[in-house]
Amino acid sequence: MEALVVPARRVRVADSADVLVAGAGVSGVCAALAAARAGADTLLVERCHYPGGVATAGLVCNCTNFFVTQSGNRAVRGLATRILDRLVAAGGAMPHYARPEQPQIPYDPETLKWILIEMLREAGVRSRYGLFVSRVTGTGSEIDAVVCEGKGGPVAFRARQFVDATGDLDLFALSDGPFDVLEGFSTLQFRMGGVDIDGIMDWLERNPDCYAAEKDVPTSLEDTLRNWREFGVFHLPHYGGMAISVVREAVERGELPDRFGEHVGDLWAMGMFASRRDQGRVLINSCACRGDELDPVRRSECEEESRLAAHRLAEFLRAHFPGFEQAYLAETAPEVATRFTRRLRGMYTLTRDEQSAGTVFPDCVGRITELDRRFSPCRRYAQAGEVPFGCLVSEAPANAICGSGKSASTEPRGLLRGQVGCMVVGEAAGTAAAVAARSNVPVRDVDVSRLQQALIAADAL
Ligand SMILES: Cc1cc2nc3c(=O)[nH]c(=O)nc-3n(C[C@H](O)[C@H](O)[C@H](O)COP(=O)(O)OP(=O)(O)OC[C@H]3O[C@@H](n4cnc5c(N)ncnc54)[C@H](O)[C@@H]3O)c2cc1C
């Protein structure tokens with residue numbers, strides 16, 4: 001392989017702060033809000049030109065309802081709740097979402113963008129967009145500054161503590177922190193307009209065997225009908241499209257291939273989400289690309305093939321899916337959304353069994369619910385699962401913490417990657433970085449009881 005040596009450059013230090021958060025997805029925004037709330041002067045650096053990450057640029061405008069336990073107890077508070085409540089108040093999501101019978105919370109991505117911007121400005125976070133973190137400087141065991149590439153040339157930002165909320169663990173990778181590279185699993189989300197959701201519901205009511213009740217977050221058809229008709233929330237479980245007889249028959253006749261191009265598969269996955277406020281615009285989560293997400297050639301091919309596949313899928317849905325007769329392809333996401341790339345090798349690795357069983361951790365810094373996969377079909381957690389601080393920190397660098405649920409140290413991978421989990425992880429990581437900056441210790445050595453006190457004071461624990 002041909003390689004170049006790139007000459008060293010002088011880079012202007014544009015700003016410095018107590019805490020720098022890299023990546024402004026939902027995790028990073030929560031990390032920045034939490035750090036600022038805990039008294040840290042906070043910078044947020046993002047490669048896109050707006051916050052939200054996968055939730056906006058990836059058009060994953062759907063938050064799985066991991067706020068409540070099986071019996072409906074509220075497990076999650078803090079910034080995740082505040083963001084959702086603000087979305088509801090702004091008309092961007094339907095109210096009454098914290099019911100265990102409602103599996104998903106679809107929302108308007110444009111409303112999320114401006115809400116996150118407002119919250120960051122209110123908190124006094126200095127957000128810097130259009131900047132890709134490409135290097136770090138420091139002593140090896142500690143980061144001194146991040147170097148970002150922007151249109152005006154490279155700029156550097158110094159900080160005492162760093163939160164890596166890039167979702168790809170870029171800061172850890174750039175500073176030789178410990179991580180594993182995982183096989184990627186990504187999807188281009190798209191929305192179709194002109195969908196007759198009442199028509200879908202009426203069809204399902206007449207054909208109850210075609211509803212995949214046990215898939216995803218298990219939901220009875222009765223609850224699904226009620227969620228739409230009474231609460232204005234529509235959800236078709238991931239992989240639920242194939243339960244619909246007319247769709248399955250068309251797939252079996254070969255009218256939709258399983259694969260598209262070299263990289264795109266699972267075209268028939270067909271999870272769907274919308275709320276009444278979307279006026280017939282439905283988010284479709286179908287197909288998947290698996291492979292090395294960090295390879296730019298492969299990634300570019302996925303972007304192109306996924307967009308062509310979305311067009312092909314839209315035609316198929318219009319021809320075969322009840323309620324899609326008049327539908328059209330309204331938009332594809334600005335970019336293919338990635339579920340995982342790198343995972344931290346943390347001081348502790350959280351397992352699914354511990355989460356499902358409600359294991360209590362002395363260093364608990366957050367609580368979420370998820371799906372208890374010890375049962376078939378799976379069901380919601382009976383009690384909240386705890387997030388231990390140890391799965392966010394590692395031996396090195398001493399002043400960096402993982403702030404994204406996508407890359408936390410868990411087995412299996414991505415145990416905390418739902419949007420609720422990401423917001424909980426971000427809030428904990430940002431608070432920890434602020435406490436570490438104030439007490440001038442490596443972030444892994446912060447006084448956990450002090451960190452927990454800060455989270456309790458903020459109603460996050
Ligand atoms: C296809 C798909 C479907 C999903 N469906 C659901 C669902 O139905 N329900 C649910 O709850 N969750 C779902 N998820 C999971 C959830 O949406 C994501 O895990 C979550 O939004 C990730 O948030 P994050 O902030 O941790 O990471 P990201 O959203 O990836 O944010 C990382 C941010 O960092 C920025 N960044 C990255 N590298 C750099 C760099 N070097 N320099 C500067 N900035 C950088 C990125 O631009 C991005 O804004 C889905 C995920 C995917 C991919």
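The values are calculated or read from the model by the stated rules, or taken from the named source; none is laboratory data. Quantities reported herein were computed from a predicted structural model and do not represent experimental measurements. When we count neighbours, we look across all protein chains shown, and the Cβ atoms used for this are built from the backbone with ideal geometry, even at glycine. The area values use the complete protein model at the heavy-atom level, side chains included, leaving out ligands, DNA and RNA. Shrake-Rupley method; radii C 1.70, N 1.55, O 1.52, S 1.80 Å.
Okay, here's what the table says:
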item	result
Whichever residue in region 13-66 is acidic (Asp, Glu) and in a strand (DSSP E or B) and, among such residues, is farthest from Leu79 (Cα to Cα)	Asp15
Condition broken by Arg438, with the remaining ones in (1) open to solvent by 10 Å² or more (accessible area, probe 1.4 Å); (2) modelled with pLDDT under 95 satisfied	(2)
Selection status of Asp363, away from the ligand (no atom under 16 Å from the Cβ), closer than 18 Å to Asp164 by Cβ and out of contact with any Asp or Glu (no Cβ under 7 Å at 6 or more places or on another chain)	no
Qualifying residue in region 296-307 (condition: over 25 Å from Arg380 (Cβ atoms) and small (Gly, Ala, Ser))	yes
Which listed residue, of Val19, Val45, Val54, is over 22 Å from Pro334 (Cβ atoms), touching a Lys or Arg at 6+ places or on another chain (Cβ under 9 Å) and among the β-branched types (Val, Ile, Thr)	Val19
Residue check, Ala337 surrounded by fewer than 24 Cβ atoms within 10 Å (Cβ to Cβ), over 15 Å from the mean Cα position of the chain (by Cα) and of a type outside the set (Lys, Arg)	no
Residue match in region 258-265 (condition: farther than 24 Å from Arg312 by Cα and more than 25 Å from the chain's Cα centre (by Cα))	no
Asp15 being among the charged types (D, E, K, R), over 24 Å from Ile456 (Cα atoms) and open to solvent by 10 Å² or more (accessible area, probe 1.4 Å)	yes
Of all residues in region 392-420 being hydrophobic (A, V, I, L, M, F, W, C) and more than 30 Å from Pro237 (Cα to Cα), the one that is surrounded by the fewest Cβ atoms within 10 Å (Cβ to Cβ)	Ala396
Residue in region 45-68 that is more than 29 Å from Phe234 (Cβ to Cβ), within 12 Å of the ligand (Cβ to nearest atom) and crowded, with 24+ Cβ neighbours inside 10 Å present	yes
Wholly within region 86-204, strands (runs of 3 or more DSSP E) carrying at least 3 residues that are within 11 Å of the ligand (Cβ to nearest atom), open to solvent by less than 40 Å² (accessible area, probe 1.4 Å) and more than 30 Å from Pro397 (Cβ to Cβ)	104-106
